[in-house]
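Have a look at the structure below, then the notes.
The values are calculated or read from the model by the stated rules, or taken from the named source; none is laboratory data. Everything numeric in this text was worked out from a predicted model, so none of it was measured. For neighbour counting, all protein chains shown are included, and Cβ atoms are generated from backbone atoms with ideal geometry for every residue, glycine included. To get the accessible areas, we keep the full protein, side chains included, count just its heavy atoms, and leave off ligands, DNA and RNA. Shrake-Rupley method; radii C 1.70, N 1.55, O 1.52, S 1.80 Å.
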Amino acid sequence: MFSQGTWTQKTALPVSGIVRGGAVAFSINTKGYVATGTDKYPGDNVYNDFWEWDQGNNTWSQKANFPGNARGYAAGFSIGTKGYLGTGKDVQFTSYYQDFWEWNQISNVWTQKANFGGGIRWGAVGFSIGTKGYISMGIGSFGKTKDLWEYN
C-alpha cells in the first residue's frame with residue numbers, strides 16, 4: 001500500500017561526478033527519459049547523452065545519444081512511443097537552437113523533424129496531451145515569451 005504525499009529515493013543517474021541541470025525529461029509508458037543538459041549554471045559543459053530509467057527494476061540504461069548539437073535548457077515531450085526534443089542553447093550563450101528531433105523508443109533512432117515554429121528558444125516548457133505536443137514560454141530572439149505552439 002502506498003501513502004499519499006511521500007517521496008522515495010530511486011537510483012541516481014549513473015554519470016560519474018556530474019551534477020546535471022537544464023536537462024530535458026519525458027516519459028513513455030513505464031520508462032522515464034533524461035537527455036542533454038549542463039553540469040552547472042550557467043554551465044561549463046553541455047551534453048548530448050540520453051538515458052532511460054526503467055520503473056520496474058529501478059535501473060538506468062544509456063540510449064542513442066542525441067544527434068543535434070549538445071545543449072542545455074531544451075524542451076521535450078512524448079507522444080505514443082516517440083519522444084521529442086528541441087530548442088535550447090549552448091553553454092556560452094552564443095548559439096540558440098530551434099531544431100527539433102524525434103526519438104523512436106522501439107528502434108532507438110533519432111530523426112530530425114521540421115524546426116520549431118516559434119524560432120530560437122531556450123528555457124521553454126514542453127508537455128503533451130493525447131496525440132499532440134506543446135512548447136510554451138522560454139526566452140527567444142526578443143526576450144521572454146508567453147506563446148504556445150502545438151505539434152501534430
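Give the peptides 77-84, 88-95 in descending order of average Cβ contacts within 10 Å, highest first.
Packing order, densest peptide first, comes out as 77-84, 88-95.
Can you send over the carbon and sulfur percentage of the accessible area for the chain, probe radius 1.4 Å, protein chains only?
Result for the chain: 53 percent of the exposed heavy-atom area is carbon or sulfur.
When the chain is fully extended, how far beyond the present Cα-Cα distance does Asn58 get from Ile18, taking 0.36 nm per residue of separation?
12.4 nm
For a 22 Å ceiling on Cα separation, which of these pairs sit above it: Lys63/Lys132; Lys31/Lys144; Lys10/Lys113; Lys63/Lys113; Lys10/Lys82; Lys31/Lys132?
Where the Cα-Cα span goes over 22 Å, the pairs concerned are Lys63/Lys132; Lys31/Lys144; Lys10/Lys113; Lys10/Lys82.
Could you tell me the relative contact order of the stretch 20-152? Use alpha-carbon pairs under 8 Å, at least six residues apart, and round to a whole percent.
Reported as a whole number, the value is 18 percent.
Hey, can you grab everything whose amide H is under 5 Å from the amide H of Ser95? Only 5+ residues off in sequence or another chain; H modelled, so Pro and N-termini drop out.
Asp90
Per residue of the stretch 50-57, in order, report the coupling 6.51 cos²θ - 1.76 cosθ + 1.60 (Karplus, θ = phi - 60°) as ³J(HN,Hα) in whole Hz, putting x for Gly and Pro.
9, 10, 10, 10, 9, 5, x, 10
At 1.4 Å probe radius, can you tell me the per residue accessible area of the chain in Å²?
For the chain, the solvent-accessible area averages 57 Å² per residue.
For Trp110, Trp149, write out the residues from largest to smallest accessible area, computed with a 1.4 angstrom probe and no ligands counted.
Descending accessible area places them as Trp149, Trp110.
Counting only other residues whose beta carbon sits under 15 Å from that of Ala124, what net charge do I get with K and R as +1, D and E as -1?
+2
Arrange the residues Leu13, Leu85 by how much accessible surface each exposes, largest first, with a 1.4 angstrom probe.
Accessible-area ranking of Leu13, Leu85, largest first: Leu13, Leu85.
For labels at Asn152 and Thr81 in the simple 7 Å Cα→Cβ model, what's the distance in nm?
The two pseudo-label positions are separated by 2.4 nm.
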